[in-house]
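The values are calculated or read from the model by the stated rules, or taken from the named source; none is laboratory data. Note that the coordinates shown come from a computational prediction; the quantities given were computed from them, not determined experimentally. Neighbour counts are summed over all protein chains in view; Cβ atoms, including those assigned to glycine, are modelled from backbone coordinates with ideal geometry. Note: areas computed on protein heavy atoms with side chains; ligands, DNA, RNA excluded. Shrake-Rupley method; radii C 1.70, N 1.55, O 1.52, S 1.80 Å.
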Amino acid sequence: MREETRLIHGDARPHADFPTLTAPVHRASTIVFPTVQSFLDRHQQFYDGYSYALYGHPASRELEARIADLEEGVRAVAVPSGLSAITLVNLAFLESGDHVLVPDTVYSPARNVCGGLLSGLGIETTYYDPNETGCVADLIRPETRLIWVESPGSMTMEIQDLPAIAAAARARGVTVAVDNTWASPLFHKPLTLGADLSVQAVSKHIGGHADLILGVVTAADETIFRKLKDTSRNLGLGVSPDDCWLALRGLGTLSARLARQSESALQIATWLSEHPAVERVLYPALASDPGYALWRRDFTGASGVFSVLLRPASADAVAAAIEGLRFFRIGASWGGLHSLVAPSDPRGIRTVQPWTADGQLVRLSIGLEHPDDLIADLERGLATITEANIAEVS
Ligand SMILES: *Cc1c(COP(=O)(O)O)cnc(C)c1O
């Protein structure tokens, strides 16, 4: 064997005897087969074994199995992002002429999917009021194939009555998909409450360190799983083993991180709800929140993400206060170690229930900093708004 050949075909060191606590990462495209026949039959291994790394590798299968287990589903499909998980569900369960029901408070890029991609394919979307469970049954048409639930709603945090929606859907043979990113599979189990599919933006709590983009869809049964997997094959969706490895590492600390973030968030939300610059705190874990009773019934915890509606103040004063925060950095996404603040204006992304509040809405994602430091940071920021308001009035 010449050196050039040895570089490629050198004896592989055995790796089975490297017992570690962490999952292996196999970087691969090709899977090799021992015989001509096994190669020709490789597609039989599409769902369960390995045929080509685009369709699964040890790290993706490990992550899918762990998340499916937490979601109490049968199997899961890992995809490149939370948004691609949403699009995968839409494309797997909807075709031209079909109709889909979506909550008015849906993650806004998902609204763009409905108005753009789905509309172009001849799939019609109707938005419904997340607070009016009864309206969902009335909006189901013969061509309705899919109902989305996202609880709590993006930015405005409405808790939906999933069991009631799932019962109405079941009666009419309609599939129910839930975006379960906010609660994570630890605090909410949509598949046990009647949903058929549960979506996780793994980029958020499961990844947990703001260092990866990944999504997973969990199916309640094997038929749904195969439908997802077939569509994901047609779309050519694959995931990196390194990203899956990071997500697996995130899973190990998920419960400790969420417990701490949840505890801090409740403390901070309670403090904010009594602050004179704050109109209202939108957080279902607060007893004063309209979603509290449903949240208590259907969730076992609240993550550290909630919104704050400020009393009306000048846009400049609000921007200066947000920019002056030291620990809350301005940015999208959430669920990481760092606290984040995201100003939002729901007016342009609500079509059923217009958003009419005058004050600025901001979403906070509570990280793992000490809650007292976070409160002191917010106190300084809110004081600048109060001072600006006083200056304006006098
Ligand atoms: C962030 C988010 C998504 C999208 O996840 P990406 O991985 O960023 O594409 C979907 N749903 C919800 C509720 C989210 O917060």
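Checking Lys229 against (1) buried (at least 19 other Cβ atoms within 10 Å of the Cβ); (2) in contact (Cβ under 8 Å) with a residue 24 or more places away in the chain; (3) within 18 Å of Pro371 (Cα to Cα), which test does it fail? Evaluating Lys229 over (1) buried (at least 19 other Cβ atoms within 10 Å of the Cβ); (2) in contact (Cβ under 8 Å) with a residue 24 or more places away in the chain; (3) within 18 Å of Pro371 (Cα to Cα) leaves (3) as the failure.
Matching residues to (1) more than 17 Å from Leu282 (Cβ to Cβ); (2) surrounded by 14 or more Cβ atoms within 10 Å (Cβ to Cβ); (3) out of contact with any Leu (no Cβ under 6 Å at 6 or more places or on another chain):
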residue: Ile330; (1), (2), (3): yes, no, yes
residue: Pro343; (1), (2), (3): no, yes, yes
residue: Val352; (1), (2), (3): yes, yes, yes
residue: Leu361; (1), (2), (3): no, yes, no
residue: Thr386; (1), (2), (3): yes, yes, yes
residue: Ile390; (1), (2), (3): yes, no, yes
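Residues checked against (1) surrounded by fewer than 23 Cβ atoms within 10 Å (Cβ to Cβ); (2) touching a residue at least 40 places away in the same chain (Cβ under 8 Å):
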{"residue": "Arg233", "(1), (2)": "yes, yes"}
{"residue": "Gly236", "(1), (2)": "yes, yes"}
{"residue": "Ala265", "(1), (2)": "no, yes"}
{"residue": "Arg297", "(1), (2)": "yes, no"}
{"residue": "Ala302", "(1), (2)": "no, yes"}
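Starting from residues that are crowded, with 18+ Cβ neighbours inside 10 Å and not in a strand (DSSP E or B), keep the ones in region 116-128 and report whichever is nearest to the chain's Cα centre (by Cα). The selected residue is Leu118.
Within region 129-181, can you find the residues that are more than 16 Å from the ligand (Cβ to nearest atom), open to solvent by less than 40 Å² (accessible area, probe 1.4 Å) and among the acidic types (Asp, Glu)? Residues satisfying the conditions are Asp129, Asp161. Filtered by the rule that a residue be more than 9 Å from the ligand (Cβ to nearest atom), open to solvent by less than 10 Å² (accessible area, probe 1.4 Å), outside any strand (DSSP E or B) and of a type in the set (A, V, I, L, M, F, W, C), region 200-219 gives a lone residue, Ile206. Taking the criterion of being outside any loop (DSSP other than H, G, I, E, B) and of a type in the set (A, V, I, L, M), the residues of region 94-115 that qualify are Val100, Leu101, Val102, Ala110, Val113. Scanning region 182-199 for residues being open to solvent by 10 Å² or more (accessible area, probe 1.4 Å) and touching a Pro at 6+ places or on another chain (Cβ under 7 Å) gives a total of 3.
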